[in-house]
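*Asks:* Sharing a structure below in structure tokens format, with a few things to ask.
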């Protein structure tokens, strides 16, 4: 929230924090202590940012799509060390940046645009009977966020949404914005009532007296659970409350939402605002597609996305005072910061000795305790190489999709399965895998990070091999994928892509100064805003990127074309598999009555079972 403490009090607190910065919290176990030490003194060199941030009179630090990555990225495979900061480091960074803003006598806001759930053991490793991210969100609450909004991953399960509504939203005191999202709860009379999860909008005045109007919007999402409601953005802007919310002109509109900035519904909102206030500055903060991106909708607006998984911290500045006298345009800057201590210390002019605040250290320690409580360090085995989603070609022995569907699933599903001796083909959604499997220890946390969903496997028996082998090519045809996009928007609107769309080629980057060598691998962004090649805070060489089909399958069984086999697939694909089967042959009309349970083993169990057997 906007602090009500005086600058003098804040400075006193900052000095006290700095005095405590060199003191280690007394870890309750040696593992936590070693973690703190290894983070302070990195085992690998990291390239620092190559120029300071540009400050305006209104500045914003932005996070989005963190998905439980609150302990940062701790693997040594590149470019993971560049994202090795944790939420405690980020909290210390925010404290120092707030002090810099006071010194510069400018405004600084902290904003998040959704998807706190589903992603690591901290959010998903809870014991039976608990709620996803309930414990991990307690640490997010300790950051001084000025504005937050909801993501689609807060809406898949009613219990998660209700937990947000009941336990998380009140901490924002009116600044958790859900302009087009409602939840159904029982009112004081014991009757069901649909109410906003947070506030529809907020108006506030910054420390420097700037009047801000904010809304929080999600895209036209249709995969939400029962007793939650998402209103189409086009309908939202016609609501009387929306008309009233934007009628008064502020110094700036700060629009936050779980919407991609380069496509989707933002123009609908911007155009509605512009119809009333054609020249008012608009700052937009989006999310959902997991990329670094920027768009200007006109000369007096800018929208950014800030990546995913606590890899990227977004920065935007705007010169609003100058804009009052210059009606042609507003001067904006944006920057994508790698999330690590080297970045943070560079921009706050601190060192390992002076960077940590007591508040930040306490968050780090608390997260370590939560990881221990959830037993996230439980070791299944040790992987001897990296298996990646897009850094290696598909298919190949370095592709995680290949490894998962050709090796791990067949092994795990054969355990205690009476149908294991019957030939089969297994089909999955490639995008169900959420992250790379990296060399080294494979733990409970890694298992939950790579495959957090507890989906089951179904099968259709006695499909001839010749027909079964045509399924995957038919499902991956462009026309079929487009049809799925049109007919099953809920599935595609949940499909978050990784941050590679705007990467420049290796040839283009090799000539840039200050990059080269394995240690400089990282994101290389080219977005749509001015100075498009210089938006990244740290210069990198891009990692390679290879396309992955929407659907992937196991190796074809070595049988004749007329041999009956099992077609095995994820439970979400039943109707789709049936439709394609019926289009490929006319001998039998398949229905859902032909679909049976194949194994009690769930997707979230697959990698752990494989690792225990093969990597020990």
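The values are calculated or read from the model by the stated rules, or taken from the named source; none is laboratory data. In this text, all values refer to a predicted model and were calculated from it rather than measured experimentally. Please note: Cβ atoms are built from the backbone with ideal geometry, for glycine as well, and neighbour counts cover all protein chains shown.
*Asks:* Looking at 249, 193, can you tell me which residue is assigned to a loop (DSSP other than H, G, I, E, B), more than 18 Å from residue 112 (Cβ to Cβ) and assigned by TED's automatic domain parsing to the domain that holds residue 320?
*Replies:* The conditions single out 249.
*Asks:* On to the next question. Output the number of residues of the range 573-591 satisfying the condition of being surrounded by 13 or more Cβ atoms within 10 Å (Cβ to Cβ) and under 20 Å from residue 432 (Cβ atoms).
*Replies:* So the count comes out to 7.
*Asks:* Also, quick follow-up: Sort out which residues of the range 342-354 are more than 26 Å from the chain's Cα centre (by Cα) and assigned to a helix (DSSP H, G or I), and write them in order of number.
*Replies:* 352, 353, 354
*Asks:* I'd like to know if the range 283-297 contains one or more residues that are modelled with pLDDT of 95 or more, in contact with a helix residue (DSSP H, G or I) (Cβ under 7 Å, 6 or more places away or on another chain), surrounded by fewer than 23 Cβ atoms within 10 Å (Cβ to Cβ) and over 29 Å from residue 45 (Cα atoms).
*Replies:* Yes.
*Asks:* Name the one entry in 337, 279, 283 that is in a loop (DSSP other than H, G, I, E, B) and in the same structural domain as residue 248 (by TED's automatic domain parsing).
*Replies:* Within the list 337, 279, 283, the selection yields 279.
*Asks:* Return the residues of the range 333-360 that are within 23 Å of residue 319 (Cβ to Cβ) and crowded, with 19+ Cβ neighbours inside 10 Å; say none if nothing qualifies.
*Replies:* 333, 334, 335, 336, 337, 347
The rows are residues; the columns are (1) touching a helix residue (DSSP H, G or I) at 6+ places or on another chain (Cβ under 6 Å); (2) buried (at least 16 other Cβ atoms within 10 Å of the Cβ).
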residue	(1), (2)
369	no, no
383	no, yes
394	yes, yes
400	no, yes
411	yes, no
421	no, no
428	yes, yes
445	yes, yes
452	yes, yes
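*Asks:* Still on this structure: Scanning for something in contact (Cβ under 8 Å) with a residue 12 or more places away in the chain and assigned to a helix (DSSP H, G or I), does the range 170-178 turn up at least one residue?
*Replies:* Taking every residue of the range 170-178 in turn, at least one turns out to be in contact (Cβ under 8 Å) with a residue 12 or more places away in the chain and assigned to a helix (DSSP H, G or I).
*Asks:* Does residue 178 fit the bill of being in contact with a strand residue (DSSP E or B) (Cβ under 7 Å, 6 or more places away or on another chain) and buried (at least 24 other Cβ atoms within 10 Å of the Cβ)?
*Replies:* Criteria met by residue 178.
*Asks:* Restricted to the range 310-332, and to residues that are crowded, with 24+ Cβ neighbours inside 10 Å and part of a loop (DSSP other than H, G, I, E, B), which residue is modelled with the lowest pLDDT?
*Replies:* Residue satisfying both the conditions and the ranking: 330.
*Asks:* Tell me, which helices (runs of 4 or more DSSP H) lie completely within the range 355-414 with 2 or more residues that are assigned by TED's automatic domain parsing to the domain that holds residue 73?
*Replies:* 358-373
*Asks:* Going by the structure shown, is residue 303 under 24 Å from residue 522 (Cβ atoms), buried (at least 19 other Cβ atoms within 10 Å of the Cβ) and touching a helix residue (DSSP H, G or I) at 6+ places or on another chain (Cβ under 7 Å)?
*Replies:* The answer is yes for residue 303.
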